[in-house]
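Written below as structure tokens is the structure these notes are about.
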Amino acid sequence: MSLSVNTLGEIRALVRGGFDERDDIIGILCEEMYEPGELDEQAVEQAVDAAFSELEHEKRQWPTVTDCDRLEQAFLALNKRGVIALHNAGYTQDDGYADVQEVFAEHSEQDSVSGYCFYHGQDLECVVSGGGLYLAFGPMDPLHEETEGPVVGALIVEELTKAGLNVQWDGTFAHRIFIPDMDWKRR
């Protein structure tokens, strides 16, 4: 049984996303995204292996510093400046916000945390397919989103720009920060 173009695209996105190992991707596809038995597991394994092989071949041509390296640099700087910055936080915006709350609850210096920044699995699918990367952000206290949200957003834009990324944002909490030409090459 061959895999659909849609399933092959999902495999490509999971592999190129750079967060999941081979066996995890096979499990995600064969047990979570599709009903058990719906996909030919051997065909999924072959397609996943082929996607990883293609990616490894392409990595040899990647620049020394990629946009993903720049994003990592910006997220590290944000975390040092009191913004919880998370990669691949859940699958939806609600999932990502829950992940932020979990990290905040375990944070040893909660008073030093002013806000959050993350992208989630749907954002990752978008950027892997060339659609740019959206970042959710805000202050830790949702009652102050309209007043403190833009302050947190400006700090995020500052660090992203400093890291060498092209950023679009209207300066309000109403719209997410966008990196339109993000070239997703995650090692």
Q: In whole Hz, with x marking every Gly and Pro, tabulate ³J(HN,Hα) for region 130-138 from phi via Karplus 6.51 cos²θ - 1.76 cosθ + 1.60, θ = phi - 60°.
A: x, x, x, 10, 9, 10, 7, 7, x
Q) Roughly how compact is the chain, stated as its Cα Rg over 2.2 N^0.38 Å to two decimals? A) 1.12
**Q.** Probe 1.4 Å, accessible area per residue of region 140-187, Å²
**A.** 55
(Q) If you fit an axis through the alpha-carbon atoms of helix 67-80 and take the longest principal axis of the Cα set of the chain, what angle between them do you get, 0 to 90°, nearest 10? (A) 40
Q) Around G138, which amide H atoms from residues at least 5 apart in sequence, or from another chain, sit under 5 Å from its own amide H, with H modelled in the peptide plane? A) Y116
Q: Could you tell me which GluC sites (Glu not before Pro) in region 50-122 are loop residues by DSSP with no more than 13 other beta carbons within 10 angstrom of their beta carbon?
A: E109
Q) Under 23 Å Cα-Cα from K80, which lysines qualify once same-chain neighbours fewer than 8 residues away are excluded? A) K162
Q. What are the residues whose amide H is under 5 Å from the amide H of L133, where those residues sit 5 or more places off or on another chain and H is modelled from the backbone?
A. I179, M182
Q. Check N88: other-chain or 5+ apart residues with amide H under 5 Å from its amide H, H built from backbone geometry?
A. Y119
Q: Could you calculate the contour length gain from H107 to Q122, that is, 0.36 nm times the residue separation minus the distance between their Cα atoms, to one decimal place in nm?
A: 2.8 nm
Q | Mean separation of Cα contacts under 8 Å, 6 or more apart, over the residue count of region 68-187: relative contact order % | A | 27
Q) For the chain, what does -39500 (n - 2.57) per DSSP helix run (n ≥ 4), summed and divided by total residues, give at 222 nm, in deg cm²/dmol to the nearest 500? A) -15500 deg cm²/dmol
Q: Tabulate in residue order the Karplus-calculated ³J(HN,Hα) for region 146-160, using 6.51 cos²θ - 1.76 cosθ + 1.60 with θ = phi - 60°, rounded to whole Hz; enter x for Gly and Pro.
A: 5, 8, 8, x, x, 5, 5, x, 5, 5, 5, 4, 4, 5, 5
(Q) Between region 158-187 and region 1-70, what is the separation of their alpha carbon centroids in Å? (A) 26
**Q.** About the Cα centre, charge dipole magnitude for the chain (Lys/Arg +1, Asp/Glu -1 at Cβ), debye
**A.** 980
Q) Once both axes come from the Cα atoms, what is the angle between helix 93-106 and the longest principal axis of the chain, in degrees from 0 to 90, rounded to 10? A) 60
Q: Return the aspartates and glutamates within reach of K59: Cα separation strictly under 16 angstrom, same-chain partners fewer than 8 residues apart disregarded; answer none if there are no such residues.
A: D49, D67, D69, D183
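The values are calculated or read from the model by the stated rules, or taken from the named source; none is laboratory data. Everything numeric in this text was worked out from a predicted model, so none of it was measured. Positions of Cβ are generated from backbone atoms using ideal geometry, with glycine treated the same way; all protein chains shown enter the neighbour counts. Just the protein is used for accessible areas: all its heavy atoms, side chains included, with ligands, DNA and RNA removed. Shrake-Rupley method; radii C 1.70, N 1.55, O 1.52, S 1.80 Å.
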